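First the structure, in the form of structure tokens, and then the observations on it.
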Amino acid sequence: MSIQVSSLQKNYGEQKAVNNISFTVEKGQIVGFLGPNGAGKSTTMKILTGYLQADGGRAEVCGRDVSVDPLFTKANIGYLPESNPLYYDMFVREYLHFMASVHRINNADARVEEVISLVGLQPESDKKIGQLSKGYKQRVGLAAALIHNPEVLILDEPTTGLDPNQIVEIREVIRRLGQEKTILFSTHILQEVEAICDRVIIINKGQLIADNSLADLQSKHSKPLIKVQFKQNIEPEWLRRTIPSLTSLNSTAPGNFEISAPDLNEAKKQLLELSMRENLDIMSLTSGEQTLEDLFRRLTT
């Protein structure tokens, strides 16, 4: 396995940031690492890359324990942290040459030009990093993570600050790299996960709550539902009491609900009858399968 996490634990005082999670990622897989803010994603990634020491369990990269053989594991990891620390006073090529020298790369000139082309940095490659837009700074960080051609890529919010066109371009880069590398990446943009991931790992409050392919995840957890939006701010408990046949009811915003019921058509009829009886305005009423966003919200709330 390129990445193997076994019973991993990390505590900050009384808070269990990572609570006994286990998973593996094989070579050639692109895995989306998902969870709400504070779930423990970045902490897990920092342990895998050797930036943090675990309090328990084991983290392996390319068959080596990251705490026992940190130099080997770091040499085989490309890491783009969420903060993306860069030297703003250095020029793009100067910085990438510096990173190449850190990794003792032979024929550094050719490799620098290769990664510049790979991540689409050519238009800005002669500028100082501090002069770049946030999106191009992200590209510099990704180029630095790739400079030593690592087997494993760990990317924490790699498309932060990119415009829609740039997101598509970087998404294609990640997809191509995933054909020969192991990629674990965190993102809050669920469309990215649906577009490029083979598998999804979801953690919440430090605990692993899902680890499946997208198809299996949706097959296991998805269910038909109704989405209804009232103009008025309706209390969920009132709606439950008024229509007791509803199996589940999730309030996504004031007046907005996701509803499941044994008979969706009957539930729609009851909602319409309720709106007429109580003089309520229904702004929208739709039915369908849960999206990945729906599943994520249901699994983490």
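Among the numbered criteria (1) more than 18 Å from residue 78 (Cα to Cα); (2) touching a residue at least 40 places away in the same chain (Cβ under 8 Å); (3) crowded, with 20+ Cβ neighbours inside 10 Å, which single criterion is violated by residue 186?
Only one criterion is unmet by residue 186, namely (1).
Mind checking which residues of region 80-134 are aromatic (Phe, Trp, Tyr), in contact (Cβ under 8 Å) with a residue 12 or more places away in the chain and part of a helix (DSSP H, G or I)?
From region 80-134, those aromatic (Phe, Trp, Tyr) are 87-88, 91, 95, 98; that's our starting set.
In the following step, the residues that additionally are in contact (Cβ under 8 Å) with a residue 12 or more places away in the chain were identified as 87-88, 91, 95.
Passing the criteria: only 95.
For region 248-301, enumerate the residues that are part of a helix (DSSP H, G or I), within 30 Å of residue 203 (Cβ to Cβ) and among the charged types (D, E, K, R). Working first, answer last.
Quick first cut of region 248-301, residues part of a helix (DSSP H, G or I) only: 264-278, 292-299.
Then keep just the ones that are within 30 Å of residue 203 (Cβ to Cβ); that gives 292-299.
Answer for region 248-301, where residues must be part of a helix (DSSP H, G or I), within 30 Å of residue 203 (Cβ to Cβ) and among the charged types (D, E, K, R): 293, 294, 297, 298.
Does residue 211 satisfy the criteria of being exposed (fewer than 15 other Cβ atoms within 10 Å of the Cβ) and either at pLDDT 85 or above or not hydroxyl-bearing (Ser, Thr, Tyr) (or both)?
no
Quick one: which residue in 210, 195 is under 16 Å from the mean Cα position of the chain (by Cα), of a type in the set (Gly, Ala, Ser) and assigned to a strand (DSSP E or B)?
Details: 195 fails: assigned to a strand (DSSP E or B).
Going through 210, 195 in turn, the sole match is 210.
Sort out which residues of region 33-65 are of a type outside the set (S, T, N, Q), within 14 Å of residue 187 (Cα to Cα) and in a loop (DSSP other than H, G, I, E, B), and write them in order of number. Full working, then the answer.
Going residue by residue through region 33-65, those that are of a type outside the set (S, T, N, Q) are 33-36, 38-41, 45-48, 50-52, 54-65.
From what is left, the residues that are within 14 Å of residue 187 (Cα to Cα) are 33-36, 38-41, 45.
Hits for region 33-65 are 35, 36, 38, 39, 40.
How many residues, within region 7-32, are assigned to a loop (DSSP other than H, G, I, E, B), touching a residue at least 24 places away in the same chain (Cβ under 8 Å) and farther than 19 Å from residue 157 by Cα?
Initially, region 7-32 is screened for residues assigned to a loop (DSSP other than H, G, I, E, B), giving 13-14, 26-29.
This time we only want the ones that are touching a residue at least 24 places away in the same chain (Cβ under 8 Å), so: 26-29.
Imposing the further condition that a residue be farther than 19 Å from residue 157 by Cα reduces the set to 26-28.
Adding up the residues that qualify gives 3.
In region 222-247, which residue that is modelled with pLDDT of 90 or more and assigned to a strand (DSSP E or B) is surrounded by the fewest Cβ atoms within 10 Å (Cβ to Cβ)?
Within region 222-247, the match that is surrounded by the fewest Cβ atoms within 10 Å (Cβ to Cβ) is 229.
Can you confirm whether residue 273 is at pLDDT 85 or above and either exposed (fewer than 11 other Cβ atoms within 10 Å of the Cβ) or in the same structural domain as residue 192 (by TED's automatic domain parsing) (or both)?
Working: at pLDDT 85 or above: yes; either exposed (fewer than 11 other Cβ atoms within 10 Å of the Cβ) or in the same structural domain as residue 192 (by TED's automatic domain parsing) (or both): no.
Spelling it out, it is not the case that residue 273 is at pLDDT 85 or above and either exposed (fewer than 11 other Cβ atoms within 10 Å of the Cβ) or in the same structural domain as residue 192 (by TED's automatic domain parsing) (or both).
Rundown of residues vs (1) polar (S, T, N, Q); (2) modelled with pLDDT of 90 or more; (3) surrounded by 14 or more Cβ atoms within 10 Å (Cβ to Cβ); (4) on the phi > 0 side of the Ramachandran plot, yes/no style:
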| position | (1), (2), (3), (4) |
| --- | --- |
| 126 | no, yes, no, no |
| 141 | no, yes, yes, no |
| 153 | no, yes, yes, no |
| 159 | yes, no, yes, no |
| 163 | no, no, no, no |
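Hey, among 92, 31, 68, 25, which residue is in contact with a helix residue (DSSP H, G or I) (Cβ under 7 Å, 6 or more places away or on another chain) and assigned by TED's automatic domain parsing to the domain that holds residue 140? Spell out the reasoning first.
On the way: 31 fails: in contact with a helix residue (DSSP H, G or I) (Cβ under 7 Å, 6 or more places away or on another chain); 68 fails: in contact with a helix residue (DSSP H, G or I) (Cβ under 7 Å, 6 or more places away or on another chain); 25 fails: in contact with a helix residue (DSSP H, G or I) (Cβ under 7 Å, 6 or more places away or on another chain).
The conditions single out 92.
The values are calculated or read from the model by the stated rules, or taken from the named source; none is laboratory data. Owing to the predicted nature of the structure, the values given are computational and were not obtained by experimental measurement. Neighbour counts run over all protein chains shown; Cβ positions are idealised from the backbone, glycine included.
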